[in-house]
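J.: Quick one: the structure is below, and I'll ask about it shortly.
Taken together, the values in this text are just the output of simple stated rules run on the coordinates, not laboratory data. Everything numeric here is computed off the predicted structure, so don't read it as measured data. Positions of Cβ are backbone-derived with ideal geometry, glycine not excepted, and every protein chain shown enters the neighbour counts.
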Amino acid sequence: MSRIRRRSAVVLGIGLCVALGGCASSSPVDDDSPPPEPLQPGSLVGTWTVEETFDTLEQPYVAFVQDNSWSASDGCNRVQGTWDLGQDSDLVTTMGPQTLMGCDGAALPSAVSLAATVAVDGDTLTLYDFDGSVSTELVRSTDSSVGPQGLPIGYWTEERTPTSPFLSIQVDRSYSGSDDCGEVAGTWEPGEESDSVTLTPDPAATATCDDAEGWLGQATLGRVRAGVMTLQAEDGTVLGELSAM
C-alpha cells in the first residue's frame, strides 16, 4: 500500500484551497489488471482509514457522506468538501480551506482531492492517479472513535471572500478566526448537543474595537444545523451565523 505523508507548519489563509504536501511515489497497476469497475455512489459512503496507526491528534480518515459532502483528516488537520462520481468511476471533488499544522500523519485530504478515479472492493477503497496508478488504499472503519464524530471541526465563514469573518475550529481543541475588530482565538470543548462546541475566548489573543470585543470574540457557544453554525454569547444572545466551507 502506498503511504502519503506530509510535514508542514504553514497556516493557510481563509479562502485558499491548497492541497496538503506531496504524495509518495505511487505503485503502478499491473498491466494485466482489468480497469476498475464502475461503482454506485452508495459504495463510497462511509468512513475509511489506513491500516497503520499514527501518534497524531486523531487517526487519519476520509468520510464520504450520502449528501455528497466529504471530510478528511491527516491526523492533525481536517478539511471539508463535496464529491461526485462521474462516468467510469471518475471522482470529482471540491475542497475547502484548512490550516496546515505540522503533522507526521497520512495526507489523506490531498489524496482525495488529487484522485482521478476510485474503486471499492468489499471493505477496501482504492484511489487512482490520472495516469491510472494506485495512489492510496484505504480500509472501511468500524471504529466509532475514527471519523468526524459529530464535531464541527473545520472552517466556517460568512462569505467566500478573503475579508469575510471566519472561524477555524481545529483538531487540537484550539480555534482562531477574524471579524470586523480583528483576530480572535481561544480553546473549545464538545458541547452538550451533537454538532455543538463551547468556546472559551483568550482575551490576550482577541482584538477589540471601540472599547468592545468583536462579535466573534464574545461567542461562547456554537450550534450547527444544516451546515450553518449559530454563535451565541454567554447570555444566550445570538451573535451571528457562519456556514461550513
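J.: So for the pair T237, E189, with labels modelled 7 Å out along Cα→Cβ, what separation do we get in nm?
T.: According to this spin-label approximation, the distance is 2.4 nm.
J.: Along Cα→Cβ, 7 Å out, is where each label goes; now give me the distance between the ones at T53 and A226 in nm to one decimal.
T.: The answer from the label model is 4.1 nm.
J.: Place a label point 7 angstrom from the Cα of V45 along the Cα-to-Cβ direction, then list the residues of segment 189-228 whose backbone nitrogen is under 17 Å away.
T.: none
J.: Further, regarding this structure: Once phi is turned into θ = phi - 60°, what whole-Hz ³J(HN,Hα) does the Karplus curve with 6.51, -1.76 and 1.60 give for every residue of segment 141-150, x standing for Gly and Pro?
T.: Along segment 141-150, the couplings run 9, 10, 8, 5, 8, 9, x, x, 6, x Hz.
J.: Which chymotrypsin sites (Phe, Trp or Tyr not before Pro) does segment 89-174 hold that lie in a coil by DSSP with at most 12 other beta carbons within 10 Å? Before the final figure, lay out each step's value.
T.: Numbers: sites: Y128, F130, Y155, W156, F166; in loops: F130.
Sites meeting the loop and neighbour criteria: F130.
J.: Using modelled amide H (1.01 Å from N, peptide plane; none on Pro or chain starts), what sits under 5 Å from the amide H of G191, excluding residues fewer than 5 places away?
T.: Counting only residues 5 or more places away or on other chains, the set is S196, V197, T198.
J.: Between C209 and T94, take the C-beta separation as r, use R0 = 35 Å, and let me know the FRET efficiency to the nearest 0.05.
T.: On the way: r = 34 Å, r/R0 = 0.97.
That pair, C209 with T94, gives E of 0.55.
J.: How do L114, L167 rank when sorted from fewest to most other Cβ atoms within 10 Å of their own Cβ?
T.: Ranked by crowding around the Cβ, least crowded first: L114, L167.
J.: What is the set of long-range amide H partners of A116 at a cut-off below 5 Å, with H atoms built 1.01 Å from backbone N?
T.: Y128, D129, F130
J.: List, in order, the whole-Hz ³J(HN,Hα) value for each residue of segment 100-111 obtained from phi through the Karplus relation with A = 6.51, B = -1.76, C = 1.60 and θ = phi - 60°; use x for Gly and Pro.
T.: After applying 6.51 cos²θ - 1.76 cosθ + 1.60, I find 10, 5, x, 7, 9, x, 10, 7, 5, x, 6, 4 Hz.
J.: Where does each of 101-111, 64-74 land if you order them by average Cβ count within 10 Å, highest first? Intermediate values should be presented prior to the final figure.
T.: Working: 101-111: 22.9, 64-74: 20.8.
In decreasing order of mean packing, 101-111, 64-74 become 101-111, 64-74.
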